[in-house]
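Shown next, in structure tokens, is the structure this report addresses.
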Amino acid sequence: MVIGLSSNKPMNELFGFLLSGITVGFIYALVGIGFTVIYNSSGIINFSQGEFVMAGGMSTVFLLKAGLPLGVSFILAIMITSIIGIVLYKLISYSKDSSQISLIILTLGFAIFLRGLAEVVFDKELHTMPSFVGDGSFDMLGTVLTYQSIVIMVVSIVIVVLLYFFFKKTKTGQAMKAASINVDAARLMGINIKKVLMINFALSAAIAAIGGVLLTPITSTNYEVGIMLGLKGFAAAIIGGLSNPFGAVVGGLVLGVLESLIAGYVSSEYKDAVAFVVLLAILFFMPGGIFGNTKAQRV
Amino acid sequence: MLKRYNISQDIIVLAILLFIAPFFFQNDFIYEIAIVSLLNALICVGLNMLMGYAGQVSLGHGAFAGLGGYIAVILSSNYGISPLFSIFIAIVTMAIFAFIISKPILKLRGHYLAMATLGVGIIISIVLNVEDELTGGSDGMSVDSFSVFGYEFTDSLQWYILCAVLLIFTIWMFKNLINSPFGRVLKSIEGSQKAANSVGINVSHYKSVVFVISVVIATLAGSLYAFFSGFISPSEASFSHSIELVVMVVLGGLGRVYGAIIGAVILTILPQLLTSFEDYQTLIYGAIIIFVMMFMPKGIASLFDDIKRRLFAQNK
């Protein structure tokens, strides 16, 4: 029961909130997928994930400003971010200690570094870019749906479907899955773990970057935009069970819709708190997440 | 007498160092950095106990310190309660709060406390920003001066002495606690929860106690910081402040009594030194954290071990 949802609030307003919630939810989902892909293979919670989103959005904006066409900027930005992901993997693999705490701190340091880098290479201003498909919109169920929202939904669904087939059908995807289930067994079967890990980091950076580019026309971007996005993506991943990329998609959508409904009907000021209240509720009442296949162990 | 109260040599060395230091402080600005370093060190000693000895990471201690500070400040400024009693109420409130959130979470294994404290911390910082009638919102609020039984703290030196004494006292308690049966229980939990459980230790209870102690220390330091600076804003309770505290502990050396202090002092001073680099400040700050975590994962305190080992190796 949503508070304040009475008959004087027309249904099309509700549809509007749902649609905008689903749009943003897909972005959270993309960030959340990134968390699960890296966590699955390495056990590391990568706190630079939000900065990957920022890097994708900011690079596209500045490549566009440099006069490159949209498609080229988009692909270049994803490549740049993937390389940043690989750099993070290299730093982790060359570090002397592999305890989880120090590696998590390493990713926090990397996030600060990327923010600093964005300040220097780009600037501290807010940037936006035109929608990929023009600023048009059409009416649906009595509410407006912008073309950009449709692009976000379609691209996200395509990515999720591709990812599903990648893990299911391709050899690399199977190797990545095997490595996430049991590293030692996978290594014994001749899987190159280092390569798998590197692909995981690149993949998760690339997905985050795509999220960043998709989001920029709606919300605009700056060097700090990754902090909140990263944390909300993290919440999405935990809601889905942290080890399941497709759980993160559901987590992201749930978060996006809840956030939009709360902002619309209850309080827009507390919109940002929704993700963390849900996060706590999940931790308290179903610590394995909605779809966690590995149950959180009780001591 | 030293034996009886368990005062070890290193505490005396620390006390002497803290006593000598003010003779080199030329102005109020340096005093301010020193006092903030001491208060950060205080939080880090408690956080280190949680992270280094109970093996649990908290990503919300900045928020706990900030919320504790706000409770104390609001009580004393808006309700006219004396600063000391306000801090006391803040500590009791935060202790109960910490106990309640820790109970269900610490039964789970893994980094669940980290995730829960992250969530709680961000909610705290959002609430402090939104409830502006009570907290002044993002602009923050000014704080009355600090006094204990009519004795006013106005001078930097007074504050410095107060913080130094508190830090020494906390470390003394910390060391006694670590070497007590309680501390041995903690070490066994860090080693193996299952083994600890099998000899009848209620693991989650002990972890809760450590968490509560660390939150109490954070509340104390957070409220003192508010009274010292005469101002409090939600940025004290921000996620980045919580991260900063964790980085201090790990950078200094996890599970090392003095590591937390080294980390706190270095990371409090570092941003001041980096201000001359202006735009490159954040970049360099991040690079230093990456560098230390890659090449000195045991923290800066481990450097002193190496030096010690080399010195004593020659003697033998």
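The values are calculated or read from the model by the stated rules, or taken from the named source; none is laboratory data. Here the structure is a predicted model, which is why all the values come from computation and not from measurement. Cβ: placed from backbone, ideal geometry, glycine included. Neighbour counts: every protein chain shown.
A compact table of results
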{"read-out": "Matching entry among A:L215, A:L280 (being buried (at least 24 other Cβ atoms within 10 Å of the Cβ), of a type outside the set (G, A, S) and either in contact with a helix residue (DSSP H, G or I) (Cβ under 6 Å, 6 or more places away or on another chain) or part of a helix (DSSP H, G or I) (or both))", "value": "A:L215"}
{"read-out": "Residue match in the range B:239-252 (condition: away from chain A (no Cβ under 14 Å), of a type in the set (F, W, Y) and in contact (Cβ under 8 Å) with a residue 24 or more places away in the chain)", "value": "no"}
{"read-out": "Among the candidates A:L108, A:L162, residue that is assigned to a helix (DSSP H, G or I), within 14 Å of another protein chain (Cβ to nearest Cβ), under 19 Å from the mean Cα position of the chain (by Cα) and modelled with pLDDT of 85 or more", "value": "A:L108"}
{"read-out": "The range B:271-299: number of residues that are of a type in the set (S, T, Y) and surrounded by 18 or more Cβ atoms within 10 Å (Cβ to Cβ)", "value": "2"}
{"read-out": "Pair list, Cβ < 8 Å and 6+ apart or interchain, from the range B:196-215 residues that are in contact (Cβ under 8 Å) with a residue 24 or more places away in the chain and more than 16 Å from B:I100 (Cβ to Cβ) to residues that are surrounded by fewer than 22 Cβ atoms within 10 Å (Cβ to Cβ) and aromatic (F, W, Y)", "value": "B:Y206/B:F182"}
{"read-out": "Flag if B:L113 is within 14 Å of another protein chain (Cβ to nearest Cβ), touching a residue at least 60 places away in the same chain (Cβ under 8 Å) and under 27 Å from A:V274 (Cα atoms)", "value": "yes"}
{"read-out": "Residues of the range A:43-80 satisfying the condition of being within 14 Å of another protein chain (Cβ to nearest Cβ) and more than 16 Å from the chain's Cα centre (by Cα)", "value": "A:G43"}
{"read-out": "Wholly enclosed helices (runs of 4 or more DSSP H) of the range B:254-316 bearing at least 1 residues modelled with pLDDT of 85 or more", "value": "B:259-274, B:281-295"}
{"read-out": "Selected residue [closer than 12 Å to A:A209 by Cβ and in contact (Cβ under 8 Å) with a residue 24 or more places away in the chain] from A:T81, A:T36", "value": "A:T81"}
{"read-out": "Test: residue in the range A:111-129 that is within 14 Å of another protein chain (Cβ to nearest Cβ), surrounded by 13 or more Cβ atoms within 10 Å (Cβ to Cβ), in a loop (DSSP other than H, G, I, E, B) and in contact with a helix residue (DSSP H, G or I) (Cβ under 6 Å, 6 or more places away or on another chain)", "value": "yes"}
{"read-out": "Any hit, the range A:258-277, residues being within 13 Å of chain B (Cβ to nearest Cβ), touching a residue at least 12 places away in the same chain (Cβ under 8 Å) and hydroxyl-bearing (S, T, Y)", "value": "no"}
